[in-house]
Amino acid sequence: MGQSIFPTGVTNFRPSKTWSGYTLFNAKNEGTILIDMNGKIVHEWKDLQGFPNKMINGGKVFGSLRCRKSSDAYQDYADLTEIDWDGNIRWSFTHNEEVTDQEIGKTWVARVHHDYQLEGNPVGYFVPGQETKDDFKKVLLLTHHDRKIGSISPYPLLDHVLLEIDRNGNKL
């Protein structure tokens with residue numbers, strides 16, 4: 001392969017203008033990656049996707065292990081899953097709605113879309129100067145739901161729904 005004409009890695013780092021920390025992001029087809037201020041990979045969680053990924057104390061990260069195919073859904077994640085530093089699944093939620101996906105058939109999915117907030121921190125992840133927990137009792141999820149409203153459209157409408165669940169996956 002030829003070299004990129006675009007610079008890669010950290011191209012402009014001014015320590016006096018930054019707060020020393022880490023960046024957590026999702027790399028398509030790679031997983032979730034944690035990098036330091038110099039762009040060095042600190043840790044990776046293979047196959048963990050995110051929209052977004054979030055990390056809490058203790059090195060636990062949240063994301064999804066399966067994005068539903070575009071032929072079945074629009075930006076739906078099948079689960080919200082918590083994975084520890086060593087890659088062990090600590091918790092997962094899928095039981096929001098039973099759907100039929102072309103390749104899988106009938107299956108339960110979370111239909112998480114774009115955001116979720118963990119109880120105990122207003123932004124759901126570690127922020128300097130704010131206390132955060134290394135566990136949670138409740139989580140608020142932004143999810144999708146297909147609705148049929150004949151007076152508006154003969155086709156199903158994609159609706160956004162806020163869903164609050166407890167640690168056991170019970171809808172509140």
### Summary
Of those in the stretch 55-80 that are basic (Lys, Arg) and over 11 Å from the mean Cα position of the chain (by Cα), the residue farthest from Gln130 (Cα to Cα) is Lys69
### Message
Take Tyr74 and tell me if it is closer than 18 Å to Asp159 by Cα and either in a strand (DSSP E or B) or touching a Phe, Trp or Tyr at 6+ places or on another chain (Cβ under 7 Å) (or both).
### Response
no
## Note on the structure
Checked Phe62, Phe13, Phe25 against criteria (part of a strand (DSSP E or B), loosely packed, with under 14 Cβ neighbours inside 10 Å and touching a Gly at 6+ places or on another chain (Cβ under 9 Å)); the one match is Phe25
### Query
Just for the stretch 95-118: of the residues that are touching a residue at least 24 places away in the same chain (Cβ under 8 Å) and part of a loop (DSSP other than H, G, I, E, B), which one is nearest to His145 (Cα to Cα)?
Arg111
### Query
In the stretch 42-54, which residue that is open to solvent by 30 Å² or more (accessible area, probe 1.4 Å) and under 10 Å from the mean Cα position of the chain (by Cα) is nearest to Lys28 (Cα to Cα)?
Gln49
## Note on the structure
Every listed condition ((1) open to solvent by less than 100 Å² (accessible area, probe 1.4 Å); (2) among the basic types (Lys, Arg); (3) on the phi < 0 side of the Ramachandran plot) holds for Arg111 save (3)
### Task
Residue by residue through the stretch 63-81, note down the ones that are of a type in the set (A, V, I, L, M, F, W, C) and closer than 17 Å to Leu163 by Cα.
Ala78, Leu80
### Message
Quick test for you: out of Asp135, Asp86, Asp146, pick the one residue that is over 16 Å from the mean Cα position of the chain (by Cα), in a strand (DSSP E or B) and either surrounded by 13 or more Cβ atoms within 10 Å (Cβ to Cβ) or not aromatic (Phe, Trp, Tyr) (or both).
### Response
Asp146
## Note on the structure
If we keep only residues of the stretch 89-101 that are more than 19 Å from Gly31 (Cα to Cα) and either among the charged types (D, E, K, R) or out of contact with any strand residue (DSSP E or B) (no Cβ under 8 Å at 6 or more places or on another chain) (or both), then the residue least open to solvent (accessible area, probe 1.4 Å) is Asp101
### Message
If Ile104 satisfies all but one of (1) of a type in the set (Val, Ile, Thr); (2) modelled with pLDDT under 95; (3) surrounded by 14 or more Cβ atoms within 10 Å (Cβ to Cβ); (4) more than 30 Å from Leu157 (Cβ to Cβ), what's the number of the condition it fails?
### Response
(4)
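The values are calculated or read from the model by the stated rules, or taken from the named source; none is laboratory data. Please read all numbers here as calculations on a predicted model, not as lab measurements. All Cβ positions, even for glycine, are placed from backbone atoms using ideal geometry, and neighbour counts span all protein chains on display. Quick note on the areas: whole protein, heavy atoms, side chains included, nothing else; ligands and nucleic acids left out. Shrake-Rupley method; radii C 1.70, N 1.55, O 1.52, S 1.80 Å.
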